[in-house]
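J.: Supplied in structure tokens, the structure appears directly below.
The values are calculated or read from the model by the stated rules, or taken from the named source; none is laboratory data. What you see is a predicted model; the values in this text were computed from it and never measured. Here the Cβ positions follow ideal geometry from the backbone for every residue, glycine too, while neighbour counts run over all protein chains shown.
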Amino acid sequence: MPGPATKLFGDRGAVLVGIACSSFARVVMAFARGCIIFAIMPIFALTGHGKPALQSLAKRQVDATRQGQFQGVLASARGQLKSRVLILLVLLVGYVLQPITLGPDA
């Protein structure tokens, strides 16, 4: 449902609103306790407006004969980024939890 946000803010504004909502929601969730996590979910839902608007901005820079290739590059980049982030998160969690799992004498 990014159409109304794009009409209201424009493509660039929708991207900025999505980034701002995502940043705000993640900071609040990092320090939230109890029901506040559920109260912040509508703000988190607004983060979805940024991605379609960003793709719209980017595809305007590519001519019509290269649109399929461009969308493939975007999908590939997203997939590779997600896989690398997951690997880094696993390593980070292992590093953080190592003292807990091995005990203080290890």
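J.: Do you know which residues across the range 32-73 are β-branched (Val, Ile, Thr) and closer than 18 Å to residue 22 by Cβ? Even if it seems obvious, please write down each step before you answer.
T.: Looking only at the range 32-73, we keep the residues that are β-branched (Val, Ile, Thr), and these are 36-37, 40, 43, 47, 62, 65, 73.
Across the range 32-73, the qualifying residues are 36, 37, 40, 43, 47.
J.: Also, quick follow-up: Can you tell me which of 43, 100 is under 24 Å from residue 3 (Cα atoms) and free of Cβ contacts under 8 Å to residues at least 60 places away in the same chain? Spell out how you get there, then give the answer.
T.: Numbers: 100 fails: under 24 Å from residue 3 (Cα atoms).
After ruling out the rest, the residue left standing is 43.
J.: Here are 9, 44: which of them is of a type in the set (Phe, Trp, Tyr) and under 12 Å from the mean Cα position of the chain (by Cα)? Walk me through how you get there before you give the answer.
T.: On the way: 9 fails: under 12 Å from the mean Cα position of the chain (by Cα).
Result of the check over 9, 44: 44.
J.: Do you know which residues across the range 51-68 are more than 18 Å from residue 9 (Cα to Cα), polar (S, T, N, Q) and touching a helix residue (DSSP H, G or I) at 6+ places or on another chain (Cβ under 9 Å)?
T.: Taking the range 51-68 first, the residues more than 18 Å from residue 9 (Cα to Cα) are 59, 61-68.
Subset that is polar (S, T, N, Q): 61, 65, 67.
Within the range 51-68, 61, 67 meet the criteria.
Matching residues to (1) surrounded by fewer than 10 Cβ atoms within 10 Å (Cβ to Cβ); (2) farther than 30 Å from residue 10 by Cβ; (3) at pLDDT 90 or above; (4) not assigned by TED's automatic domain parsing to the domain that holds residue 11:
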residue	(1), (2), (3), (4)
24	no, no, yes, no
49	no, no, no, no
70	no, no, no, yes
104	yes, yes, no, yes
